[in-house]
Amino acid sequence: MPIYRTLQLLLPLLLLGVSLVGCKLLSAKSRATALDIRFTPLAGEAALDSNPVYSEGLTGLSQYVWKNLRYPPLYLRMTIDGSSLVGFTIDSTGQVSNHRIVKPFLPACDEEALRVIKLLPGTWQPAQRAGKAVGTECQIPVSFSIRH
């Protein structure tokens, strides 16, 4: 019943084009495992023994993304769903650089996905190979969806 009431209250706002935080339509907990994060060695490097580890954990990373992602108002009104794939490099000290869109969706969604990933709080422990810290590439899909 509470979900029905929430949707009943939100529907008029959606029809008026009011901007909402896209992920707040679903609970952060239900979306916490939705990210399919991929790690790959830097070009020309051997396979990783262990992936990088985010200080807040993958659940914390997912919750941060879904809490802070704002669905672009134009696409919200059009109920367009999809995802932007954001990539970045984690070096051997855990520093993050080279943020970029690997697979674009829509320009405003790509910009928003990049903004949220660039602002991630916390730090990374670098990937390991043969007992040594090594750089790696990371790709995170950021979904924009209002239907589930």
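Here, each number is a calculation from the coordinates, and none is a lab measurement. The structure presented is a predicted model; accordingly, all values stated were derived computationally and were not measured. Cβ sites come from the backbone with ideal geometry, for glycine too, and all protein chains shown count toward neighbours.
Assorted remarks:
- Under-5 Å amide H pairs with Val102, H placed in peptide plane, nonlocal only: Leu85, Val86, Gly87
- Order of Arg70, Arg100 under a 10 Å beta carbon neighbour criterion, fewest first: Arg100, Arg70
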